[in-house]
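I have placed the structure first, in the form of structure tokens, so that the comments after it can refer back to it.
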Amino acid sequence: MLVILAFIILFHVISATLLFISTINNAWWVHQDVYTDLWRICNVTCEPIKDSSTAAAGNICCFLQAVQATMILSTILCCVAFFVFILQLFRLKQGERFVFTAVIQLLSALCVMIGASIYAAQHESFHEDSVREGDYGYSFVLAWIAFPLTLVSGLMYLVLRKRK
């Protein structure tokens, strides 16, 4: 049982780490020497992504804010799920399941999926013409890798029973 517990904790910590890296790091979209993330565009210097008062730019800003919000929420929910798991580990009766932890972790997986999907669907409208040609960066890939990890982690909590 101790090995299973260590594996579940390690799995959860890895998924939380991937979420932190993908949310914070500036490699969601890469074009030559230009790196963009959810908040800024970096070439030689980093500058925030510009807002505009036009209607089209307002929609672009809303899409980007939705990605920012879902990625931050997924990271927070993943951390909360870990702390709830630790609390339930000492508070639950023997034989009960970690349902509350599983629900929080599955919500985190849902938020990652929504954020990465919105970014994938709308990435061309986020960037200026000079940056549109490029590739997804490793932070975007890490977000998609974090999705199945948090999903599997949530499902493991759903199946897991407290034993001695």
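For Trp29, which sequence-distant residues (separation of 5 or more, or a different chain) have an amide H within less than 5 Å of its own amide H, given hydrogens modelled in the peptide plane?
Correct list: Thr36, Gly137.
For Tyr35, Tyr138, write out the residues from largest to smallest accessible area, computed with a 1.4 angstrom probe and no ligands counted.
Per-residue accessible area, sorted high to low, gives Tyr138, Tyr35.
For region 9-21, just list the computed ³J(HN,Hα) in residue order, Karplus coefficients 6.51, -1.76 and 1.60, θ = phi - 60°, integers in Hz, with x standing in for Gly and Pro.
Listing the rounded values in order: 5, 4, 4, 5, 5, 5, 5, 5, 4, 4, 5, 4, 5 Hz.
As a test of reading the structure, rank Glu133, Glu96 by solvent-accessible area (1.4 Å probe, protein chains only), most first.
Glu133, Glu96
If you rank Trp29, Trp39 by how much accessible surface each has, with a 1.4 Å probe, what is the order from largest down? Could the numbers behind the result be given before it?
Numbers: Trp29 10, Trp39 95 Å².
Largest accessible area first, the list is Trp39, Trp29.
Residue-wise, which Karplus ³J(HN,Hα) couplings in Hz belong to region 82-96, taking 6.51 cos²θ - 1.76 cosθ + 1.60, θ = phi - 60°, and x for glycine or proline?
Once θ is set to phi - 60°, the couplings for region 82-96 become 5, 5, 5, 4, 4, 5, 5, 4, 9, 9, 6, 6, 4, x, 7 Hz.
With every protein chain present, what accessible area does Arg161 have (1.4 Å probe, heavy atoms only), rounded to the nearest 10 Å²?
Accessible surface of Arg161 is approximately 110 Å².
The values are calculated or read from the model by the stated rules, or taken from the named source; none is laboratory data. Treat the numbers as computed from the prediction; the structure is a model and nothing was measured. All accessible areas refer to the heavy atoms of the entire protein, side chains included, with ligands and DNA or RNA removed. Shrake-Rupley method; radii C 1.70, N 1.55, O 1.52, S 1.80 Å.
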